1. What is the distance in Å between the Cα centres of region 287-329 and region 132-203?
2. With charges set only on the Cβ (+1 for Lys and Arg, -1 for Asp and Glu), what does the dipole of region 310-444 come to about its Cα centre, in debye to the nearest 20?
3. Along the charge dipole of region 271-348, which of L315, V300, Q287 sits closest to the positive end, that is, farthest toward it, with unit charges on the beta carbon of Lys, Arg, Asp and Glu (+1, +1, -1, -1)?
4. Considering only DSSP beta bridges whose two residues both sit in the chain, what percent are antiparallel, to the nearest 5?
5. Give, as a single signed number, the net charge of other residues whose beta carbon lies under 12 Å from the beta carbon of R200, with Lys and Arg counted +1 and Asp and Glu -1.
6. Only counting other Cβ atoms within 10 Å, I'd like T330, T73 sorted with the fewest neighbours first.
7. With θ set to phi - 60°, apply the Karplus curve 6.51 cos²θ - 1.76 cosθ + 1.60 along region 101-109 and write out the HN-Hα couplings as whole Hz, x wherever there is a Gly or Pro.
8. Provide D320, D299 in ascending order of the number of other Cβ atoms located within 10 Å of each residue's Cβ, fewest first.
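None of the figures in this text is laboratory data; all of them are computed from the coordinates on show. In this text the structure is predicted, and so the values were computed from the model without any measurement. Because the Cβ atoms are built from the backbone with ideal geometry, glycine has one as well, and the counts that use them run over all protein chains shown.
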Amino acid sequence: VKNENAARNLAIFSQLLNAFQTYYHYTVVTHRNREILRLHLFNSLLRLLYDGGINEYEDPDRPFPKGYVQVMTIHQAKGLEFPVVVVGSLCAQLSSPKQIDRNLGPFYRRPSFEPESRITTFDRMRLHYVAFSRAQKILVLTAPESPKDYFGPIWQGLAQWPYVQKDLLAAQRFRLRERIPVKRSYSFTGDLKIYETCPRQYQFFREYDFTPSRSAVIFFGLLVHQTIEEIHRIALDGRLDLLDEPRIRELFERTFGFLRMKDVRPIGDAAKEAAFEQVMNYFRQNQDEMRRVIQTEVDVSLEKDSYILTGKVDLLLGGDGKLELLDFKTSPRPIDSPELIAAYERQLCTYAHILEHRYGRRVDRLLLYWTSEPRKQDALMALPYDPKRVEEAGRYFDETVRRIQACNFAVQKRPEPRICEECDLRMLCHAEGIIGGRRVAYAH
């Protein structure tokens with residue numbers, strides 16, 4: 001990517017398009033809806049953006065990047081300071097909120113402290129006091145035409161360019177203040193897993209924040225996970241005996257409704273029923289185990305030297321003084337896929353690493369539960385706990401974050417064909433030879 005700002009601005013536009021699809025409930029373009037879709041797109045979304053404008057991308061870690069002049073409104077500059085400030089609104093006609101005071105005046109609990117005839121003048125003075133006081137060393141006042149009369153005493157009393165003390169300006173020295181960035185958080189599922197799948201996907205969807213076009217799989221997993229979470233919370237409250245299929249259906253439909261309000265594309269009726277069957281199957285076969293639930297959806301974190309390691313443990317189980325850590329997977333249990341099992345083991349070991357180092361809690365067993373498997377003996381998988389593997393998982397996560405922070409997004413190993421076939425970036429990777437031909441490593 002040659003121009004990162006351009007890429008990030010395109011990412012913002014992808015988010016707007018996703019919001020457009022969600023608002024108008026467009027999931028696919030067909031011959032039946034393409035005319036009305038085009039009307040909504042051009043006459044609603046694009047017209048709104050054109051009329052109202054939209055801010056470009058701003059790096060939260062570097063809001064004032066080197067080599068750029070920061071342009072902002074006076075209100076945006078409030079609370080900030082700069083060595084050199086240029087104010088260019090001296091000839092602008094500023095609006096006044098007098099009419100607002102007239103409308104709201106009868107409801108004020110205090111008497112007016114400014115005469116109505118002076119409100120505009122006082123507002124103008126307050127506004128430009130903010131503008132002029134932002135400068136630490138040099139304040140430059142500019143105007144494409146004669147400033148307003150009320151600026152006359154200030155304007156006439158200043159040296160006009162080029163008749164200024166240039167030697168005094170040249171003697172000014174500015175020291176750059178290094179801004180200490182806030183430590184960024186990284187998680188296994190939100191960062192490491194995506195980076196392992198494809199560094200380029202991580203670059204575009206996590207680093208640049210592009211919105212992917214496919215999210216049905218995400219919706220399915222969230223629906224199952226969050227409904228099971230609600231069941232566990234009811235069990236924790238001691239009300240497990242109140243749960244039956246109608247009550248679980250009610251929880252499921254409520255979760256489905258909440259998810260539809262998010263920016264996640266919903267699933268069809270068949271997939272929805274499959275998700276409900278997974279939930280019910282889990283409930284039927286694990287009611288006794290639910291009495292051992294200690295915590296559900298546990299947010300955990302551990303501060304490292306250069307980042308914060310975060311995670312969310314699906315379930316903590318207890319009994320006989322032992323602690324078990326369980327994670328749900330809504331996909332079928334993999335067959336002859338040791339790499340995938342190893343990745344999931346690293347996930348559980350990462351969570352165990354956080355629990356041990358941050359909270360001093362030693363995990364005794366690591367469990368995976370594949371909710372799409374109809375039989376419990378096939379769904380539940382126990383992984384041996386090994387303290388060395390836990391420490392290795394922590395070091396592996398450290399190394400992965402180091403590569404991410406170094407912007408190492410080179411595709412060293414081509415992802416599985418299925419990953420590329422469903423990826424929005426496949427045409428870009430094909431054009432660069434990463435897929436569909438000779439492999440060319442892509443570097444940031």
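1. 45 Å
2. Charge dipole, region 310-444, about its Cα centre: 220 debye, nearest 20.
3. Going by the charge dipole, the pick is Q287.
4. 55 percent
5. Details: positive: R206, K413, R414, R426; negative: E207, D424, E432.
Cβ neighbours under 12 Å give a net charge of +1.
6. T73, T330
7. In residue order, the calculated couplings are 5, 5, 6, 9, x, x, 9, 5, 8 Hz.
8. Ascending Cβ contact count within 10 Å gives the list D320, D299.
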